[in-house]
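Peer 1: Quick one: this structure, given as structure tokens, is what I'll be asking you about.
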Amino acid sequence: MRKEFYWKIVLILAVVVISVWFAHPIKEKINLGLDLQGGMHLVLDVEAEKAVESTLDRYIMNLRDAFKKEKIESASVERDKDNILINLSDTSKEKAVEKAVSDITDMEKIGSSSGSNRIVYQINRKMRKYIEERAVDQGLETIRNRVDQFGVAEPSIQRQGDRRIIIQLPGIKDTDRAIQLIGKTAQLEFKLVDDDRSLEDALKGNIHEDDEMLYQRAANPDSGEVSKKPFLVKKDVMMTGESIVNAEVRIDSQYNEPYVSIEFDKQGSNLFGKITKENVKKRLAIVLDKNVYSAPVIQEEISGGRAQITGHFTTEEAHDLAIVLRAGALPAPVKILENRTVGPSLGKDSIEMGLKSTIISGILILVFMVFYYRLSGLIANIALFLNLILLAGAMAYFKATLTLPGIAGIILTIGMAVDANILIYERIREELRLGKTIRAAIDSGFKRVFITIFDSNITTLIAALVLFQFGTGPVKGFAVTLSIGIVASMFTSVFVSRFIFDLMASKMRMEKLSI
């Protein structure tokens, strides 16, 4: 055996051993897609126009603070759909108002006249589109962060069109909990409870324009009955959850109940300290999505940058709340347009049918190759078997997800791998008919067909990569197995098969090639 055989056999053995090591045990190493193991398929619509409204509301709050700081007491601010209206009783302050607006917002002035006491500002079309686009992108990233922390293996989360998000969660059993986690807006706000005005009057409908009625919802663990406790809170938001850098579930040592501990960044810590310092002995309501979780009395300034949310949670509820706070709030609400659940029984049937079709096609190919090409056909079958081992190892290494179209990709790969061997064998036959020796025919057959095999596989690989880049879940599954299979077949059909032929030609003094 020539020395060059040694490095070839070491390389082949190393690749096979590494592939087997990565793929074993195959049930644990290769993730199954939604169509094979069951799970959820959701199509969400991001209500991006709500992000525009939130932006306008934030502008209004900032403008009120600016007017107060600049002592422009004659100006009042309100929102009318996509416009901001500034009523100005003292027109001499108009320049100061315009400067404040230009410093804080990117809005365009669309209406006012000399001596008029109203100025109208509007978000331009370019800015509106930017806000809506950003809302969808941020929503996609927020949902991805929540799903990752929820612990779903190989989720598929993609944007579709202008404002839709497609989510596939394989293996999910508690679908209601997953939907609640994904769709929760999680807009955390800190507001002061208005104890100066009568709660009873407010319940009768006499609510001051600066206040709003919110409720704390609590479920009885025994009966499951939900009770609502009313709170009259001020509309002004003292602080939001944008400054949260961490949220963790902890257990209260006194009552042995879980609560969520939140930690603010430096800016948020300073603001929270300022709020608590200026409002000692007042109640601060912690509001999440218009639901009051708790309203503790501020006993003293809290300067450590930490707070806690209590609300008689179960451990699961506290865990989910911590997830959405860590992952951030959705910039706009999402609406479920489609909710499909694939049962595990359907996935089991798909796996059995896929395996059956793979085995049947594989057996037919093996029999055909041995019947038609004899010993050379057996070599092709060995290369094909190694091809499947390499494919399984690569999928396990890259943590690829096997889907039903992916199984179709494997079957196609088997056919393409055999096709490469057929091209080589037919060329070797032609060379033998021309009277060449066995060794010369093998050399010529592999060399002359290599370019043809390489070109056809490269074009197919490019198409598979395009499918992977722009396709959705099932299409990606097909593209993954096809891409890996093409690369593996190039190695087995050309390199491994050639090695076996060379080994036979050098060790066995063959007078006739069984082909």
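The values are calculated or read from the model by the stated rules, or taken from the named source; none is laboratory data. Just so we're clear, the structure is a prediction, and the values are computed from it rather than from any experiment. Heads up, the Cβs are rebuilt from the backbone with ideal geometry, glycines too, and the neighbour counts pull from every protein chain shown. The area values use the complete protein model at the heavy-atom level, side chains included, leaving out ligands, DNA and RNA. Shrake-Rupley method; radii C 1.70, N 1.55, O 1.52, S 1.80 Å.
Peer 1: At 222 nm, what helix-only mean residue ellipticity would the chain give, in deg cm²/dmol to the nearest 500, using -39500 (n - 2.57) for each DSSP H run of four or more?
Peer 2: The helix-only estimate for the chain comes to -18000 deg cm²/dmol at 222 nm.
Peer 1: Pop out the ³J(HN,Hα) list for segment 14-28 in order, Karplus 6.51 cos²θ - 1.76 cosθ + 1.60 with θ = phi - 60°, rounded to Hz; leave Gly and Pro as x.
Peer 2: Those phi angles translate into 5, 5, 5, 4, 5, 5, 5, 5, 5, 7, 9, x, 5, 5, 8 Hz.
Peer 1: Follow-up. Read through the labelled values (i) -0.37, -0.72, -1.12; (ii) -0.18, -0.48, -1.19; (iii) -0.23, -0.58, -1.14 and report the label of the one computed as log10 I(q)/I(0) by the Debye sum over Cα atoms at q = 0.05, 0.08, 0.12 Å⁻¹ from the structure.
Peer 2: Label of the calculated value: (i).
Peer 1: Quick one: length gained pulling LYS109 to ILE382 fully straight, 0.36 nm per residue minus the C-alpha distance?
Peer 2: Between LYS109 and ILE382, full extension yields 90.7 nm more.
Peer 1: Exactly which trypsin sites (Lys or Arg not before Pro) in segment 388-479 are in a DSSP loop and have at most 13 other Cβ atoms within 10 Å?
Peer 2: Passing both the DSSP loop test and the Cβ count: LYS399.
Peer 1: Then there's this: Can you list the aspartates and glutamates whose alpha carbon is less than 13 Å from that of LYS109, not counting same-chain residues fewer than 8 positions off?
Peer 2: Excluding near neighbours in sequence, the set is ASP82, GLU94, GLU98.
Peer 1: Angle, helix 94-104 long axis vs. longest principal axis of the chain, Cα atoms, 0 to 90°, nearest 10?
Peer 2: Orientation of helix 94-104: about 30 degrees from the principal axis.
Peer 1: Cα axis of helix 125-150 to longest principal axis of the chain: angle in degrees, 0 to 90, nearest 10?
Peer 2: Approximately 70 degrees, to the nearest 10.
Peer 1: Share of segment 286-336's accessible area from carbon and sulfur, percent, 1.4 Å?
Peer 2: Taking all protein chains in place, segment 286-336 shows 49 percent carbon and sulfur surface.
Peer 1: Roughly how many percent of the accessible protein surface of segment 57-194 is carbon and sulfur, given a 1.4 Å probe and a whole-percent answer?
Peer 2: Of the solvent-accessible surface of segment 57-194, carbon and sulfur hold 42 percent.
Peer 1: Send over a whole-number figure in Å² for the accessible area per residue of the chain, probe 1.4 Å.
Peer 2: For the chain, the solvent-accessible area averages 55 Å² per residue.
Peer 1: What's the carbon and sulfur percent of segment 409-515's accessible surface, probe 1.4 angstrom, rounded to a whole number?
Peer 2: After summing per-atom areas, the C and S share lands at 66 percent.
Peer 1: Here's another thing I want to ask about it. Helix 266-278 versus the longest principal axis of the chain: what is the Cα-based angle in degrees, 0 to 90, to the nearest 10?
Peer 2: Rounded to the nearest ten degrees, it is 20.
Peer 1: Okay, moving on. Let's see if you can work this out: charge +1 on each Lys and Arg Cβ, -1 on each Asp and Glu Cβ, no other charges. What is the dipole magnitude of the chain about its Cα centre, in debye to the nearest 20?
Peer 2: Around 2700 debye, computed over the chain.
Peer 1: Which residue, ILE165, VAL260, VAL324, has the largest displacement toward the positive end of the dipole of the chain when charges sit on each Cβ (Lys, Arg +1; Asp, Glu -1)?
Peer 2: Sorting the options by dipole projection puts first ILE165.
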